[in-house]
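Written out below as structure tokens is the structure these notes cover.
The values are calculated or read from the model by the stated rules, or taken from the named source; none is laboratory data. Treat the numbers as computed from the prediction; the structure is a model and nothing was measured. We place every Cβ from the backbone using ideal geometry, glycine too, and count neighbours over all the protein chains shown.
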Amino acid sequence: MFELFIFHLHLLAGLFAFTKYWQKNGLRDGLLAVAVVALFFIVGWSIAGTLANLIYPANLINTSFLTKEAFGLLLLLIPESIFFYLFFIKDSSR
């Protein structure tokens, strides 16, 4: 359940990045922004999943909200939110 919420947040982030760069610079830059979001998500999820397997205690009972996969996605959400803020939300044309 929690994983689905985080996946939807990534979908919204990709749509936001596409729309922002599509309106400013055209279709090519919009697609490139989506590719950057997808690349960061794929690489980050593999690293965060490995870290989650090392950190997550083995004796902890998995609930429907917090599993190893959800913990890995939660670990990924922290650096991704910083990345999205710096590269997609913050206006660099000051």
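For the stretch 65-94, give me the residue count where each residue is touching a Phe, Trp or Tyr at 6+ places or on another chain (Cβ under 8 Å), exposed (fewer than 11 other Cβ atoms within 10 Å of the Cβ) and over 15 Å from F7 (Cβ atoms).
0
Hey, can you tell me all the residues within the stretch 22-54 that are over 12 Å from the mean Cα position of the chain (by Cα) and within 21 Å of M1 (Cβ to Cβ)?
Across the stretch 22-54, the qualifying residues are G49, A52, N53.
In the stretch 42-64, which residue that is modelled with pLDDT of 90 or more and of a type in the set (V, I, T) is surrounded by the fewest Cβ atoms within 10 Å (Cβ to Cβ)?
It comes out as I42.
Would you confirm whether or not the stretch 4-18 contains a residue that is over 20 Å from P79 (Cβ atoms), in contact with a helix residue (DSSP H, G or I) (Cβ under 8 Å, 6 or more places away or on another chain) and part of a helix (DSSP H, G or I)?
Yes, the stretch 4-18 contains at least one residue that is over 20 Å from P79 (Cβ atoms), in contact with a helix residue (DSSP H, G or I) (Cβ under 8 Å, 6 or more places away or on another chain) and part of a helix (DSSP H, G or I).
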